[in-house]
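Notes for the one structure printed next.
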Amino acid sequence: MKTMAPDAVDVFTAGDKTLIVTFANGEARRFDVTPLLQRKCYAKLNDPLVFAQASVQNGCVTWPDDVDIDPDWLYEDSVAVGTT
């Protein structure tokens, strides 16, 4: 049985369409948003001003207008960059 990933607790944008997400277990992971940008629901993130507004709400990385990424997806499709 697959276990759920820890919730996101902090996020900052790093470089072009990359997030550094810190999870509740203290692990920091790099997530590349680029593959999502072709999907209509994530198209707004092509705007650097919108992308820079990433924040964490209820364990998810979110942006204005109800754009979000589930913590399971963030964790599974990211690369560890260290621990905090």
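Some observations on this one:
- Listed conditions (1) surrounded by 15 or more Cβ atoms within 10 Å (Cβ to Cβ); (2) within 19 Å of VAL81 (Cα to Cα); (3) modelled with pLDDT of 95 or more are all met by PRO6, apart from (3).
- Residue within the stretch 64-84 that is touching a Gly at 6+ places or on another chain (Cβ under 9 Å) and among the hydroxyl-bearing types (Ser, Thr, Tyr) present: yes
- Test for ILE20: is it of a type in the set (Val, Ile, Thr), at pLDDT below 95 and buried (at least 17 other Cβ atoms within 10 Å of the Cβ): no
- Within the stretch 15-67, being farther than 19 Å from VAL79 by Cα and among the β-branched types (Val, Ile, Thr) holds for VAL50, THR62, VAL67.
- Taken over the stretch 25-84, the criterion of being surrounded by 15 or more Cβ atoms within 10 Å (Cβ to Cβ), among the hydroxyl-bearing types (Ser, Thr, Tyr) and in a loop (DSSP other than H, G, I, E, B) is satisfied by SER78 alone.
The values are calculated or read from the model by the stated rules, or taken from the named source; none is laboratory data. None of the values given here were measured: they were computed from a predicted structure. So basically every Cβ, Gly included, is an ideal-geometry build from the backbone, and we count neighbours across all protein chains shown.
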